[in-house]
Amino acid sequence: MKIEIVADYEALSKRAAAIVLDRVTQRPETVLALPTGNTPIGMYKQLVQAYWEGRTDFGQVWAFALDEYAEVPAEDRHSFSSFLRHHFIDPVGLAARFDHLRGEASDLEAECKRYELSIAARGGLDLAVLGLGVNGHIAFNEPPTPFDSRTHVVDLAGSTREANASYFPDGFPIPNRGVTMGIGTILEAQEILVIASGSSKAPIVARIVTAEPTVDIPASALKGHPHVMLLLDEEAAAG
Ligand code: PGA
């Protein structure tokens, strides 16, 4: 696992965006997996700015959301697909080339199978950009998730629901379940970029770096991948 440490959140956002832009320049039909959360917002801002300045063209890119809340309709503003549309997909004109899990699907198992087939139909993921949960989760793969898991329905960990509570200031109930690409699905990406910022991530980053791969730390599965980078700011790297 390659580890790169930059000074702060702004540097992390710029570096992450530069990596995405480089891959899209090299391969315009790049297939991306995209994270939700606080960490990638700065990266999305940089990518949108690059688009508006004409430094890139996402016209042939395909984008897949990593995960979604169960039972939250796509058009609801709390959904992860709304988040991604707002911060990245719509500003760069990617709506027709964006797929996401439908949390409102009546048969979530069937929806998970559809998603796997949709990713495969695009030739698989080229670059998966991942955030990191304080419990080591990647996408919504909470501990302990098998490393060969495919897209599946999950019960969300208490720490995840707490960390995401700030997105629900209006009394909308914080969902108990989610749907997520599996660890096995993510590991099939050609390249993986994990971004982590701030002191709250320092303990889990230290555990990932020092521990043997274990299902108790989902992100430790990435140590078995040949092309993965952990991009950290100094606070996240402090441990
Ligand atoms: P965060 O979430 O970027 O808001 O810290 C990361 C995650 O839980 O995957």
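Read-outs: derived from the displayed coordinates by stated rules, not from any lab. Not measured: the values here are computed from a predicted model. Positions of Cβ are generated from backbone atoms using ideal geometry, with glycine treated the same way; all protein chains shown enter the neighbour counts.
The longest stretch of the chain left intact once loop-based GluC sites (Glu not before Pro) with at most 10 other Cβ atoms within 10 Å are removed from consideration, loops following DSSP, is 76-239. Applying 0.36 nm per residue to the separation of residue 3 and residue 148 and subtracting their alpha-carbon distance, the gain on full extension is 49.8 nm. Each of 36, 16, 175 was placed along the dipole of the chain (beta-carbon charges, centred on the mean Cα), and the one lying farthest toward the positive end is 16.
A Cβ-based charge dipole, computed about the Cα centre of the range 127-192 with Lys and Arg at +1 and Asp and Glu at -1, lands at about 100 debye.
The tail of the calculated P(r) for the range 1-44 beyond 15 Å holds 50 percent of all Cα-Cα pairs.
Magnitude of the charge dipole for the chain, about its Cα centre and with charges confined to Cβ atoms of Lys, Arg (+1) and Asp, Glu (-1), is about 400 debye.
Relative to the current alpha-carbon distance between residue 214 and residue 168, full extension at 0.36 nm per residue lengthens the span by 13.4 nm. Per residue, the chain reaches -8500 deg cm²/dmol at 222 nm when only DSSP H runs of four or more residues are counted, each adding -39500 (n - 2.57). Per-residue 3J(HN,Hα) values for the range 17-33, derived from phi via the Karplus relation 6.51 cos²θ - 1.76 cosθ + 1.60 with θ = phi - 60°, read 5, 4, 5, 4, 4, 4, 5, 5, 5, 5, 9, x, 8, 3, 9, 9, 10 Hz in sequence order (x marks Gly and Pro). Relative contact order, percent, of the chain when contacts are C-alpha pairs under 8 Å separated by at least 6 residues? Averaging sequence separation for qualifying contacts and normalising by length gives 26 percent for the chain.
Determine the gain in length on full extension of the stretch residue 161-residue 121; use 0.36 nm per residue of separation and subtract their C-alpha separation, reporting nm with one decimal.
Numbers: separation 40, 0.36 × 40 = 14.40 nm, distance 3.25 nm.
Value of the extension gain: 11.2 nm.
With only Cα atoms counted, the range 30-136 has Rg and Dmax values of 13.8, 42 Å. Find how many whole Å separate the alpha carbon centroid of the range 86-142 from the alpha carbon centroid of the range 181-239. Here the two parts' Cα centres lie 19 Å apart.
Decide, for the range 154-239, between rounded, prolate and oblate: order the square roots of the alpha carbon gyration tensor eigenvalues as a ≥ b ≥ c, take rounded if a/c falls under 1.5, and otherwise choose prolate if a/b is larger than b/c, else oblate. Here the range 154-239 falls in the oblate category. Rounded to the nearest angstrom and listed largest first, the equivalent-ellipsoid semi-axes of the chain from its Cα gyration tensor are 23, 23, 18. Sparse packing (at most 13 other Cβ atoms within 10 Å of the Cβ) combined with a DSSP loop state is found for the following trypsin sites (Lys or Arg not before Pro) in the range 46-151: 55, 77.
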